[in-house]
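Colleague: Before I ask anything, let me first share the structure, which is written out below as structure tokens.
Here, each number is a calculation from the coordinates, and none is a lab measurement. Everything numeric in this text was worked out from a predicted model, so none of it was measured. All Cβ positions, glycine included, derive from the backbone under ideal geometry; neighbour counts span all protein chains shown.
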Amino acid sequence: MNEKEFQKLVRESRGIFLTAEEKNEGRQQLLFHMEKNPVRVGGFFRLRFWRVFVLHFNFLTPKHMPVIVLFIAVFFSAGVSAAAEASLPGDLLYPVKVKVNEEVRGWFAVSHESEAKWETRRAERRLEEVEELAAKGELKADVAARIEENFKAHADRVEARIADFEARDDLGAAADAASHFESSLNAHEDVLVRLRGGVNAEVRSALKDIEKDVDVRANAAVEARAKVEAKAAEDSHDARVKAEFQAAAEGKFTAATNKLDEVTRFLEERGDELSAKVKAEAEVKLKLAADAILAGRAKLEAEAYAEARAKFDEAHRLAMEAKKFVQALLELELKAEAEADDNDNRPENSQAGGQGKAKGKLELNLGL
Amino acid sequence: MMDPEFLQERFLQVYNLHADAIFRHCYFRLHDRELARDCMQEIFMRTWQYYVRNYETIGNIRALLYRLANNLVIDEFRKKKTLSLENELEKGYQPAAEESRIHERIDGKAMMQLLKKLEPAYQEVIVMRYIDDLAPKEIAEILHQDPNAVSVRLTRALQKLRNFLPHE
């Protein structure tokens, strides 16, 4: 056999790739498919089982916790892991959620960038817990303080990671991490503001400190991002790195356009579940995102690549904020409905925390 | 069950890492770019559905992707939807973009013509070994076959290829 000829064909065949456009299109289709076939947390039966377990073993005190957690983790890990995901501070399985699930999950972060993303997600999960408790009217000052402490720990780690990227001159990673953190915080700030209007004085007071902290962190993320973007703009004039900046800006353009399309479709699909007001708020963000993309394209054409990238990041951030904001509200509403179904046969709850008093039903006033 | 958003993000990383390779595999087996793209897409969508239920037990997701690819390609053969290279050349096939046109004009056709001359069972192992760069042991895992049987099949496939390559 002419080995040389064959090896040449092999080498050349390995050079067959999808075009960037084809790959992005495939990614979009996959995202759409994943939205249509989402991950469902645990299994209804297993969740029910663990709720019953908790109800009947509520004599167990916090001092029993380490032994219980170990016992459960060793013998019942799959079901426990699933049920723990839905737990809130004060629930028996909450330590499993935070100390087992989240820690194990962190092991799978394969890069510093994914570590930063995961810590952002952990910070978000604390805010989601606050939102859920507040929406139910069950947020107490001591619980809020504990959640806030955990939120601060995650936020500190994200900020440390951003600073680390900057110190290593990895401005792209720094900008991405700061942008992602900023959009998460902004979305939850909007949800907290919305919740504040519908809760009682006790819950409102419990929310105050965490709201302030979220605001401070969001502003810090804005500053970090702006600083990195300014530095990148300076560096981008260096001819040696111009091509790199151009490629990064073009990549961000594709990512921003894809994100905008994805969120637009998401709003179209879930539009019926939203009030005109919430939908309008989300659409304002999407309009701003579209404007940012246009502005970014102008910068791209003018070869101002760092500024173009910053605009596309802004578009991506706004689209993500819109989606996270709507998702958070829908999730709270869904959980309230599930809770109401469970409570159907119980006596009516007293009026608290924005909960309406219908026969055996909890109703949230989230303006959906 | 882990955080849904994490699973989604992780799976998109899998797509970013493996989409090109899986597409390339389908392309050289099906000899049709658009069909290969559809096949690739179907593979990732089905893998997602498997992934959400079994992420804890999936040891080697790359092997899983190739296994699905192999099954889908075989399905396509059975449906007889694969066009012959001659048919493609007659209708003047047009890849999506200039970059891919350049690659395929110089490279893909020559290898495809060669592969078309082999039986599907030999095409399968040649594509996996030389285009996908999988080791015989990995191929065996994907095909649920004995590694020795795979090695024997590879040797025979190469012997067949010998007849079709020009000698120096």
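Colleague: Would you mind putting A:273-286, A:302-315 in packing order, based on average other-beta-carbon counts within 10 Å, highest first? All intermediate terms of the calculation are to be shown ahead of the outcome.
Modeller: Values: A:273-286: 15.9, A:302-315: 23.2.
My ranking of the peptides, most packed first, is A:302-315, A:273-286.
Colleague: Can you give the extra length, in nm with one decimal, that the chain gains between B:Glu9 and B:Gln113 once fully stretched, where that is 0.36 nm per residue apart less the Cα-Cα distance?
Modeller: On the way: separation 104, 0.36 × 104 = 37.44 nm, distance 3.87 nm.
Going from the current span to full extension adds 33.6 nm.
Colleague: Placing unit charges on C-beta atoms (Lys and Arg positive, Asp and Glu negative, everything else neutral), compute the dipole magnitude of the stretch A:177-273 about its Cα centre in debye, rounded to 20.
Modeller: Values: 15 positive and 21 negative charges, 48 e Å.
Rounded to the nearest 20 debye, it is 220 debye.
Colleague: Within 12 Å, Cβ to Cβ, of A:Arg204, how many net charges do the neighbouring residues add up to if Lys/Arg are +1 and Asp/Glu are -1? Can you show the working numbers first?
Modeller: Numbers: positive: A:Arg196, A:Lys208; negative: A:Glu202, A:Asp209, A:Glu211.
Net charge in that neighbourhood comes out at -1.
Colleague: So, one more: Sorting check: for A:158-164, A:319-325, A:204-210, which peptide has the highest mean count of neighbouring beta carbons within 10 Å, and how do the rest follow?
Modeller: Working: A:158-164: 19.7, A:319-325: 24.6, A:204-210: 18.1.
Ranking the peptides A:158-164, A:319-325, A:204-210 by packing returns A:319-325, A:158-164, A:204-210.
Colleague: Suppose R0 equals 51 Å. What FRET efficiency, 1/(1 + (r/R0)^6) with r the Cβ-Cβ distance, do B:Ile58 and A:Glu301 give to the nearest 0.05?
Modeller: On the way: r = 45 Å, r/R0 = 0.87.
That pair, B:Ile58 with A:Glu301, gives E of 0.70.
Colleague: May I ask for the net charge around A:Glu223, where only other residues with Cβ less than 11 Å from the Cβ of A:Glu223 are counted and Lys, Arg are +1 while Asp, Glu are -1?
Modeller: Details: positive: A:Arg217, A:Arg225, A:Lys227; negative: A:Glu159, A:Glu182, A:Glu229.
Cβ neighbours under 11 Å give a net charge of 0.
Colleague: Subtract the Cα-Cα distance of B:Arg162 and B:Ala121 from 0.36 nm times their separation in residues, and report this length gain in nm to one decimal. List each step's numbers first, then the result.
Modeller: Numbers: separation 41, 0.36 × 41 = 14.76 nm, distance 1.65 nm.
Between B:Arg162 and B:Ala121, full extension yields 13.1 nm more.
Colleague: Using alpha-carbon pairs under 8 Å, 6+ residues apart, how would you state the relative contact order of the stretch A:154-256 in percent? Numbers along the way, then the final one.
Modeller: Details: 56 pairs, mean separation 32.5, N = 103.
Relative contact order for the stretch A:154-256 comes out at 32 percent.
Colleague: How large is ³J(HN,Hα), in whole Hz, for each residue of the stretch B:127-139 in order, when computed from phi with the Karplus curve 6.51 cos²θ - 1.76 cosθ + 1.60 and θ = phi - 60°, using x for Gly and Pro?
Modeller: Computed from phi, the couplings for the stretch B:127-139 are 4, 5, 6, 9, 8, 7, 6, 8, 6, x, 5, 5, 4 Hz.
Colleague: Could you calculate the contour length gain from A:Ala230 to A:Asp291, that is, 0.36 nm times the residue separation minus the distance between their Cα atoms, to one decimal place in nm? Please report the intermediate quantities before stating the final value.
Modeller: Working: separation 61, 0.36 × 61 = 21.96 nm, distance 2.09 nm.
That pair, A:Ala230 and A:Asp291, stretches by 19.9 nm at full extension.
Colleague: Averaged over B:38-46, how many beta carbons belonging to a partner chain fall within 10 Å of each residue's beta carbon? Each step should come with its number before you reach the end.
Modeller: Values: counts 1, 0, 4, 6, 0, 0, 6, 8, 1.
Mean number of neighbouring Cβ atoms from other chains: 3.
Colleague: State which entries of A:Lys212/A:Lys252; A:Lys227/A:Lys259; A:Lys99/A:Lys279 exceed 28 angstrom in Cα-Cα distance in the structure shown. Walk me through the intermediate numbers first.
Modeller: Numbers: A:Lys212/A:Lys252 32 Å; A:Lys227/A:Lys259 24 Å; A:Lys99/A:Lys279 37 Å.
Pairs exceeding 28 Å: A:Lys212/A:Lys252; A:Lys99/A:Lys279.
Colleague: Across peptide A:5-11, what mean number of C-beta atoms from other chains lies inside 10 Å of a residue's C-beta? Walk me through the numbers on the way to the answer.
Modeller: Working: counts 6, 9, 1, 3, 12, 7, 2.
Across A:5-11, the average partner-chain Cβ count within 10 Å equals 6.
Colleague: In peptide B:14-21, how many Cβ atoms from other protein chains are near each Cβ within 10 Å, on average?
Modeller: Working: counts 1, 6, 2, 0, 0, 7, 6, 2.
Mean number of neighbouring Cβ atoms from other chains: 3.
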